[in-house]
1. So which of ASN168, ASN231, ASN161, ASN220 ends up being under 29 Å from GLN44 (Cα atoms), within 18 Å of the chain's Cα centre (by Cα) and polar (S, T, N, Q)?
2. What's the number of the condition ASN234 fails, among (1) at negative phi; (2) assigned to a helix (DSSP H, G or I); (3) open to solvent by 40 Å² or more (accessible area, probe 1.4 Å)?
3. Kindly indicate which of GLN60, GLN44, GLN32 is touching a residue at least 60 places away in the same chain (Cβ under 8 Å), assigned to a helix (DSSP H, G or I), of a type in the set (S, T, N, Q) and surrounded by fewer than 16 Cβ atoms within 10 Å (Cβ to Cβ).
4. Just wondering, is there one or more residues in segment 296-305 that are at pLDDT below 70 and either buried (at least 16 other Cβ atoms within 10 Å of the Cβ) or out of contact with any strand residue (DSSP E or B) (no Cβ under 7 Å at 6 or more places or on another chain) (or both)?
5. Give just the number: which of (1) touching a Leu at 6+ places or on another chain (Cβ under 8 Å); (2) farther than 20 Å from SER118 by Cβ; (3) surrounded by fewer than 16 Cβ atoms within 10 Å (Cβ to Cβ) does PHE180 not satisfy?
6. Quick check on LYS293: is it in a helix (DSSP H, G or I), of a type in the set (D, E, K, R), modelled with pLDDT of 85 or more and surrounded by 21 or more Cβ atoms within 10 Å (Cβ to Cβ)?
Amino acid sequence: MDIVGFLKSQFICHLLICYIFIVSGLIINFIQLFTLILWPINKQLFRRINCRLAYCISSQMVMLLEWWSGTDCTLYTDPESYHKYGKENAIVILNHNFEIDFLCGWNFCERFGVLGSSKVLAKKELSYMPVIGWMWYFLEIVFCKRKWEEDRKTVMQKLLNLRDYPENFWFLIHCEGTRFTEQKHQISMQVAEAKGLPKLKYHLLPRTKGFAVTVQCLRNVVSAVYDSTLNFRNNENPTLLGVLNGKKYHADLYYLILFNFSFFTIGRRIPLEEVPEDEQECSNWLHKLYQEKDAFQEEYYRTGAYPAVPIVPPRRPWILLNWLFWALLLLYPLFKLLINMINSGSSLTLATFAFVIVMASVGVRWMIGVTEINKGSTYGNNDNKQKQK
């Protein structure tokens, strides 16, 4: 292992990275709290400021993927649609198979300049998570309890509030509702059989109601649906802990766009006019889309490539500059404090510092654990819940 790779794998480096992320994130959350006074005065200014503040947080995660682990991303897309990415509002449908698929989605947003304003339909529990969850609150992220009878009114209101959003945004939605596991897939296909729907090999049955409401509320605001499918080469199983250790992955994203990570994605730009307005027709359209996604996945496993043109959007330096700014700002007082404690020779002071380090390590491991598949939610394991569309 070379010296750089050795350093990347060391716990002390991980701790410093997490220290910068958590402390800077809490500082930004605190600043965001004060921006609330702008909401009744100038709502659009509030939104623009919070887009920039959110970028300062989320870009640090993307920095880990791009610059720290050096993950390669290849984007497969239609060259005629490529110039529209980042210049229009869009609904992004992404498969939910990997622990870091959200991070790959953020990387994609960063390459096209919409990272700070990107939106997502997320579970309510995430809103309570410090740093990212609190950041999302100020970004007007749409949270749901995943109980449609309770969620419908709230989700519709949140979506309608985005109709006058001043920045271009991508609204990411995992229509499967939860991350893919073999157990959830087995239950999902039992539901498909009971409903007379075609079975899927590589996806869960999509939950259509949330998607239909999203399309309904954002019609005439959003220009297109971006259908994207993410895969990793050589059967790689990427994790956030692996990224933190500096492990390089190869991702392929099919979006009728091509990304140069270590991951590969493929997809299509579908004008929103082609998505039916009627809820039942929209539901049928989404089921058909997932059957096509399954066919694309089958093709990828068979050939190791997607049937589209690869395009590599240029990597931007802003995420690295942002991280360096916070590192310089926060590491100097930390090292100064550490030197002063060592010089003091106080056992109590050193013990307190050691306790803080241990608690920080536990906190970091907890945050990483949120992304792990084996610690994911049980949503989708319950047969009754799966019967909901």
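1. Matching residue, one of ASN168, ASN231, ASN161, ASN220: ASN168.
2. (1)
3. Criteria check complete, one pass: GLN44.
4. Looking through segment 296-305, at least one residue is at pLDDT below 70 and either buried (at least 16 other Cβ atoms within 10 Å of the Cβ) or out of contact with any strand residue (DSSP E or B) (no Cβ under 7 Å at 6 or more places or on another chain) (or both).
5. (3)
6. When the stated conditions are applied, LYS293 passes them.
To keep it simple, each residue is scored yes or no on (1) farther than 19 Å from ASP294 by Cα; (2) modelled with pLDDT of 95 or more; (3) touching a His at 6+ places or on another chain (Cβ under 7 Å).
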site: TRP148; (1), (2), (3): yes, no, no
site: ARG152; (1), (2), (3): yes, no, no
site: LYS158; (1), (2), (3): yes, no, no
site: ILE173; (1), (2), (3): no, no, no
site: GLU176; (1), (2), (3): no, no, yes
site: PHE180; (1), (2), (3): no, no, yes
site: LYS184; (1), (2), (3): no, no, no
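Listed here are the residues, each with its yes/no results for (1) farther than 23 Å from VAL225 by Cα; (2) over 17 Å from the mean Cα position of the chain (by Cα); (3) open to solvent by 20 Å² or more (accessible area, probe 1.4 Å).
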position: CYS51; (1), (2), (3): no, no, no
position: CYS56; (1), (2), (3): yes, no, yes
position: LEU65; (1), (2), (3): yes, no, no
position: TYR82; (1), (2), (3): no, yes, yes
position: VAL92; (1), (2), (3): no, no, no
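The values are calculated or read from the model by the stated rules, or taken from the named source; none is laboratory data. This one's a predicted model, so the numbers in the text were calculated from it and none came from an experiment. A quick note on method: Cβ atoms are made from the backbone with ideal geometry, for glycine too, and the neighbour counts reach across all protein chains shown. All accessible areas refer to the heavy atoms of the entire protein, side chains included, with ligands and DNA or RNA removed. Shrake-Rupley method; radii C 1.70, N 1.55, O 1.52, S 1.80 Å.
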